[in-house]
Amino acid sequence: MADKKYDGVIEAVHYTPDGQVDWVRGYLRRGPTWSDRIIMKRQDLIDEIKSGKRMVLGSRVEFMAGTFDVAAPIRVTGQNGQEFVVTCSTPVDHDTLEGAPVI
C-alpha cells in the first residue's frame, strides 16, 4: 500500500458573505485511519496547515473506506499582513478553494 502524502482532505467549503472561508467539511488522518466527516473553522484549518500538516482538496471514494480522489493541495499565503487559504499558485487577495463544492 502506498504511503499517503496528506494529513487531511477537504471536500466542501462555506464562504462568508465577504468571500472569506467560514468553515470547511472534510476528513483528518488519525494514525493509520481517517476521522468521520468533520466541520473545521477557518482558523483551525490555517493552524493545521501552519503546524506542518498537508491538507488537500478532494472527495472520498464511496464504499472504499480511507480512499480519496485528490485534486489539489491547500496552502496558506499572505499579503499585507493578511492570511488567505488557497489552492492556486497565483497571487490572490482573498480565499480561493477552486474546485471545492460550495455549501
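Could you list all residues from the stretch 1-40 that are charged (D, E, K, R) and under 19 Å from Gly66 (Cα atoms)?
Quick first cut of the stretch 1-40, residues charged (D, E, K, R) only: 3-5, 7, 11, 18, 22, 25, 29-30, 36-37.
Correct list: Asp3, Lys4, Lys5, Asp7, Glu11, Arg25, Arg29, Arg30, Asp36, Arg37.
Look through the stretch 29-45, keep the residues that are among the hydrophobic types (A, V, I, L, M, F, W, C) and buried (at least 17 other Cβ atoms within 10 Å of the Cβ), and return whichever of them is nearest to Pro101 (Cα to Cα). Outline the logic, then answer.
Of the residues in the stretch 29-45, the ones among the hydrophobic types (A, V, I, L, M, F, W, C) are 34, 38-40, 45.
Then drop every residue that is not buried (at least 17 other Cβ atoms within 10 Å of the Cβ), which leaves 34, 40, 45.
Values: Trp34: 21, Met40: 15, Leu45: 17 Å.
Ranking the qualifying residues of the stretch 29-45, first place goes to Met40.
How many residues, within the stretch 8-40, are assigned to a loop (DSSP other than H, G, I, E, B) and under 19 Å from Thr77 (Cβ atoms)? Before the answer, list the steps.
Of all residues in the stretch 8-40, those assigned to a loop (DSSP other than H, G, I, E, B) come to 16-20, 31-32, 35-37.
Within this subset, residues satisfying the condition of being under 19 Å from Thr77 (Cβ atoms) are 16, 18-20.
Final tally of qualifying residues: 4.
Would you point out the residue of the stretch 1-28, among those that are aliphatic (A, V, I, L, M) and more than 15 Å from Leu97 (Cα to Cα), that is modelled with the lowest pLDDT?
Going through the stretch 1-28, the residues aliphatic (A, V, I, L, M) turn out to be 1-2, 9-10, 12-13, 21, 24, 28.
Next cut, more than 15 Å from Leu97 (Cα to Cα) only: 1-2, 28.
Details: Met1: 40, Ala2: 51, Leu28: 95.
Filtering first and then ranking leaves Met1.
Among the residues of the stretch 73-103, which ones are farther than 19 Å from Trp23 by Cβ and either touching an Asp or Glu at 6+ places or on another chain (Cβ under 9 Å) or part of a loop (DSSP other than H, G, I, E, B) (or both)? Outline the logic, then answer.
Initial filter on the stretch 73-103 (farther than 19 Å from Trp23 by Cβ): 73, 77-81, 88-93.
Residues satisfying the conditions are Thr77, Gln79, Asn80, Gly81, Cys88, Ser89, Thr90, Pro91, Val92, Asp93.
Restricting the search to the stretch 41-72, which residues are without any contact (Cβ under 8 Å) to a residue 24 or more places away in the chain, assigned to a strand (DSSP E or B) and either within 23 Å of Asp93 (Cα to Cα) or hydroxyl-bearing (Ser, Thr, Tyr) (or both)?
Lys41
Filter the stretch 55-103 for residues that are of a type in the set (S, T, N, Q) and within 14 Å of the chain's Cα centre (by Cα); which is nearest to Asp7 (Cα to Cα)?
First, the residues of the stretch 55-103 that are of a type in the set (S, T, N, Q): 59, 67, 77, 79-80, 82, 87, 89-90, 96.
Okay, now just the ones that are also within 14 Å of the chain's Cα centre (by Cα), so 59, 77, 87, 96.
On the way: Ser59: 14, Thr77: 19, Thr87: 16, Thr96: 20 Å.
Checking each candidate, the answer is Ser59.
The values are calculated or read from the model by the stated rules, or taken from the named source; none is laboratory data. Worth saying up front: this structure is predicted, and the values here are computed from it rather than measured. Quick reminder, even Gly has a Cβ in these numbers, built from the backbone with ideal geometry, and neighbours come from all protein chains shown.
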